[in-house]
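Down below is the structure, laid out as structure tokens.
The values are calculated or read from the model by the stated rules, or taken from the named source; none is laboratory data. Since this is a predicted model, take the numbers as computed values, not measurements. Every residue, glycine as well, gets a Cβ built from its backbone with ideal geometry; the counts of neighbours run over all protein chains shown.
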Amino acid sequence: MTLNDIIVSALAQLDRGHDAQNLDIWRDKLTRFADEAIIDLASVIKPRRTDTVTVSGKTLDVRTLPRQCVKVLSVKKDDVMLLFKDDSTSSEIFIPALNDTDTVNITYIYIPGTLSSATDEPEIPKWYHGLIVCYVVARERSSGEVGIQKGGNIYFQMYEAGKRNIRPHLGSIENYKLLNRW
């Protein structure tokens, strides 16, 4: 779903028109709610990404990665895993096996970017986009009149139930690797 689809779906469930004028009125507020939902879902899903970066020296500043890095999972050079030291007090990782300038593949858990354009899609799997709509509707209903707030509870319950069913890294290769222990 695009941001526009999320907003239109939320407005339809809120029984508000979803013409161009209504979209403009509600876009900023509902976009903030959608971004909150994406960050909350990402804390459960723990999305991964692998980027190829060039490292000068033996340290890499994770702030130079395309997405905001939460945790570095692996560093590979020519499909060989490299050891690295992650210093929790700084934004740099130390990779002792590197030469002066090397290109490596960094796999890391990241925080998805915010939505800004009507055609932006959330950087979480598509099957969770419906949960974003539930969250947006719940937040909008809970910020209204007392009689309407009761209607927000069911949407929060649906959102939390969907969130509980999320299995992080479903289908990732590391979950199915068999290792010989003997």
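Here's the yes/no breakdown for (1) touching a helix residue (DSSP H, G or I) at 6+ places or on another chain (Cβ under 7 Å); (2) without any contact (Cβ under 8 Å) to a residue 40 or more places away in the chain; (3) of a type in the set (Asp, Glu):
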residue: Thr59; (1), (2), (3): no, yes, no
residue: Ser91; (1), (2), (3): yes, yes, no
residue: Asn99; (1), (2), (3): no, yes, no
residue: Thr103; (1), (2), (3): no, no, no
residue: Thr107; (1), (2), (3): no, no, no
residue: Tyr110; (1), (2), (3): no, no, no
residue: Asp120; (1), (2), (3): yes, no, yes
residue: Trp127; (1), (2), (3): no, yes, no
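Among residues belonging to segment 93-106 that are surrounded by 14 or more Cβ atoms within 10 Å (Cβ to Cβ) and not hydrophobic (A, V, I, L, M, F, W, C), point out the one that is nearest to the chain's Cα centre (by Cα).
My answer is Asn105.
Just checking, does segment 12-32 include any residue being within 25 Å of Arg167 (Cβ to Cβ), of a type in the set (Lys, Arg) and exposed (fewer than 15 other Cβ atoms within 10 Å of the Cβ)?
Checked against the condition, which is being within 25 Å of Arg167 (Cβ to Cβ), of a type in the set (Lys, Arg) and exposed (fewer than 15 other Cβ atoms within 10 Å of the Cβ), segment 12-32 yields no hits at all.
With modelled with pLDDT under 90, assigned by TED's automatic domain parsing to the domain that holds Trp26 and surrounded by 13 or more Cβ atoms within 10 Å (Cβ to Cβ) as the only criterion, which of Gly151, Gly144, Gly130 stands out?
Gly151
Please specify each residue of segment 84-101 satisfying the condition of being over 16 Å from Thr50 (Cβ atoms) and touching a strand residue (DSSP E or B) at 6+ places or on another chain (Cβ under 8 Å).
Lys85, Asp86, Asp87, Ser91, Glu92, Phe94, Pro96, Ala97, Leu98, Asp100, Thr101
Please verify whether Asp86 is more than 23 Å from the chain's Cα centre (by Cα) and outside the structural domain of Ala118 (by TED's automatic domain parsing), treating the condition exactly as stated.
Working: more than 23 Å from the chain's Cα centre (by Cα): no; outside the structural domain of Ala118 (by TED's automatic domain parsing): yes.
Judged against the criteria, Asp86 is not a match.
Answer yes if at least one residue in segment 168-181 is outside any loop (DSSP other than H, G, I, E, B), under 30 Å from Val55 (Cα atoms), among the charged types (D, E, K, R) and modelled with pLDDT under 90, and no otherwise.
yes
Could you list, ordered by first residue, the pairs with Cβ atoms under 6 Å in which the first is in segment 64-79 and at pLDDT 90 or above and the second is assigned to a helix (DSSP H, G or I) and surrounded by 14 or more Cβ atoms within 10 Å (Cβ to Cβ), at least 6 apart or interchain?
Cys69/Val62
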